[in-house]
1. Of the residues in the stretch B:26-57, how many are crowded, with 24+ Cβ neighbours inside 10 Å and hydroxyl-bearing (Ser, Thr, Tyr)?
2. State all residues of the stretch B:286-318 that are touching a Phe, Trp or Tyr at 6+ places or on another chain (Cβ under 8 Å), more than 10 Å from chain A (Cβ to nearest Cβ) and small (Gly, Ala, Ser); if no residue qualifies, say none.
3. When residue B:49 is evaluated against the numbered criteria (1) within 26 Å of residue B:380 (Cα to Cα); (2) not in a helix (DSSP H, G or I), which criterion, by number, is the only one it fails?
4. Would you confirm, using the coordinates I've provided, whether residue A:95 is under 29 Å from residue B:507 (Cβ atoms), modelled with pLDDT under 95 and facing chain B (nearest Cβ under 9 Å)?
5. Using the structure shown, decide if residue B:192 is part of a helix (DSSP H, G or I), over 17 Å from the mean Cα position of the chain (by Cα), touching a residue at least 12 places away in the same chain (Cβ under 8 Å) and under 20 Å from residue B:78 (Cα atoms).
6. Of all residues in the stretch B:84-104, count the ones that are within 11 Å of chain A (Cβ to nearest Cβ) and either out of contact with any Phe, Trp or Tyr (no Cβ under 7 Å at 6 or more places or on another chain) or not hydrophobic (A, V, I, L, M, F, W, C) (or both).
7. Determine which single condition residue A:37 fails, assuming it passes every other condition in (1) more than 7 Å from chain B (Cβ to nearest Cβ); (2) buried (at least 18 other Cβ atoms within 10 Å of the Cβ); (3) free of Cβ contacts under 8 Å to residues at least 24 places away in the same chain; (4) farther than 30 Å from residue B:210 by Cβ.
8. Determine which member of the set B:119, B:107 is at pLDDT 95 or above and within 10 Å of chain A (Cβ to nearest Cβ).
Amino acid sequence: MKGIQTKWTAEEAEQWTKEDYLTFVLSPLIYFLLALGVALSLLLLWYGWVILAVSLLLLWLMIRIIDPKLKAISREYEKKQAFYLEEMEKISRWEE
Amino acid sequence: MVVFHFLDWFWLVIFIVFMVICGVLFYRLGKRSLSDFFLAGRGLPWWLPAASVYATHSATDTPMWISGVIYKYGMRGIWYTFFSAWCAISAFASTRIFRRSLAYTQAEWQTLRFSGLGAELLRGWIAGWQVFMNMFILGWVGIAMGKLCLYLFGWPEWVGLILFSSLCAIYVLAAGYWGVIMADFQQGVIAFAVIVLVSIWGIIAAGGPHAITAKLEALGEGWRLNPFAFSGVTTGEFPLVWFLTMLVIAVIGGFGMGTAIDWYPEAQRIQSAKTVRDASYSIWAGSALIVVRNSLWAVAILAFFSMYPKIQATAEYEMAWYRLGFEYLPVGLVGFFFAAIVAIHLSTVSTHLNLGASYATRDLYQHYIKPKAGEKELIWVGRISTLILLLGSFIYGLMMQEITQWLIFALWIMAAGIWLPSILQVVWWRFNAWGYLSSWIANLGLSWLVVWVLPEFHLIPDLPDYLQFWIMMALGAAIYIPITFLTKPEDMDRLVRYYAMSRPLGWWKPVREEAQRRGLIAGEEAR
């Protein structure tokens, strides 16, 4: 997709970028359209079907935008998780 | 009262036995470690916690509440249910940050983000509040089940309250969160299937979609089909400013932690997901199902309205969706319907039993009473806490009529005045523990003043909900913002470690630069 980064280095993925901000806009919009689309489609109103289709299209788009980044973040974070868990236990047990 | 036939009882008994056995089967996994008992070992794929998010937030009183708002306000009432949209942004913002913190609970997160006495006071306060809140929610949904059993079978209310919560406690005590999540998955699937079935059945019983719209038009109630039928910009029972306020609270609230009461169970699901990605998708998908479910219910209630348009008593029209199921489904399916109601009830009860016990065990017992306690001991404390929560919920449930008004007020306190501070603690490095703590205390006093005391003495008029929200937010900020600046920033060591681990969004420049200077994260030139 033009203008959307799909390959991420570990450090790039840690930053908040335009892919995140686009998701912040798309995600609530999808919920909003989904709520309307399902209700109006059940009443067999034609514009309900259109709204529902748009919401599903936007969902597909959102996943295309954010999924590569989420995968990169998860991959990188997994490597450090055991160390962070140890640190947290120390705080919880008053060891530091 | 509803008459059950053999096939109805068959469905019900089979379902309950199946549910309890499936939960208990995970006993061995639940007892392996504290992380297993409360977070299923942090290893779940996204669809399991997603099903749990959906199942937990479908309680016995949920269809009553949604029936109430849709019957009263028409299709526009779906916006009352749209508060769950906080997950839309949260899934990709605060969920990601919280998952990376690895905190068992929101209370624990306070001691990772803040430091010193302020952080400990916050952890203790949130843990205590959550133990109380979970007990209260258990009592609330428990007595709703009691009322339903009274309506259906004529049983005294306490029977429905104690019977079903106790059945649920069997697998929560045995397998902890493993039992909760595995049962939630099955309960979620059954509940969703039955919600679709009953709602469609109700729509067909009303003559189908075209007949519903035609009947509403003929009744002069066509406006009920319009989701945007506002009563005015600021006037009437459904003004535009209320709608916009709701959108702001729900959507922007997703940047914070604790902006919605549902955050606390979601936080547990977030930490039980195996990766950051799984955590994000679980919260997003679970809430998307809730949005879809609400719309299904909304149309079914419009169908009910078209058949019974003249009901005045709230208690009567709140039973609309249940009536569609019990009055229109054929013999055999009625028992299946009740089994699904039991499913949505058990999923909520199991979550709050385990969640309340996690705060009691991890935050109160381990952190403040016995930090060196071993895993085995902590799991037993978890089980005892579960049992105490169960018994406490019976007492709450039976006295609920007397305390409901006060507790709804307490929930409003939670939502209104700490909404903005709950966002600030995530997005602004300079916001400190004293600022957040003072916002809770300030809100307690301000909400009494704005909601009850000043209107009672006619010093201010009775204000609509949306105005109360904005006024309390502004008055609270006038207290906690100066306190934040008059007290020291958090310890930089703690902030830097938190930043490197969680990578929060927002205004963190001094902390980011310090983390780069210490070599904990890559500098600008490395990107």
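1. Summing the residues that are crowded, with 24+ Cβ neighbours inside 10 Å and hydroxyl-bearing (Ser, Thr, Tyr) in the stretch B:26-57 gives 3.
2. Result: B:286, single match.
3. Unmet for residue B:49, out of (1) within 26 Å of residue B:380 (Cα to Cα); (2) not in a helix (DSSP H, G or I): (2).
4. Values: under 29 Å from residue B:507 (Cβ atoms): no; modelled with pLDDT under 95: yes; facing chain B (nearest Cβ under 9 Å): yes.
So residue A:95 does not fit the description; no.
5. Numbers: part of a helix (DSSP H, G or I): yes; over 17 Å from the mean Cα position of the chain (by Cα): yes; touching a residue at least 12 places away in the same chain (Cβ under 8 Å): yes; under 20 Å from residue B:78 (Cα atoms): yes.
For residue B:192, the condition - part of a helix (DSSP H, G or I), over 17 Å from the mean Cα position of the chain (by Cα), touching a residue at least 12 places away in the same chain (Cβ under 8 Å) and under 20 Å from residue B:78 (Cα atoms) - is met.
6. Taking the stretch B:84-104 as the starting set, the residues that turn out to be within 11 Å of chain A (Cβ to nearest Cβ) are B:84-93, B:95-97, B:99-104.
Cutting the leftovers down to either out of contact with any Phe, Trp or Tyr (no Cβ under 7 Å at 6 or more places or on another chain) or not hydrophobic (A, V, I, L, M, F, W, C) (or both) gives us B:84, B:86, B:90, B:95-97, B:99-101, B:104.
Count: 10.
7. (4)
8. Numbers: B:107 fails: within 10 Å of chain A (Cβ to nearest Cβ).
Result: B:119 is the single residue among B:119, B:107 that is at pLDDT 95 or above and within 10 Å of chain A (Cβ to nearest Cβ).
The values are calculated or read from the model by the stated rules, or taken from the named source; none is laboratory data. The model shown is predicted, which means the values in this text are computed figures rather than measured ones. All Cβ positions, even for glycine, are placed from backbone atoms using ideal geometry, and neighbour counts span all protein chains on display.
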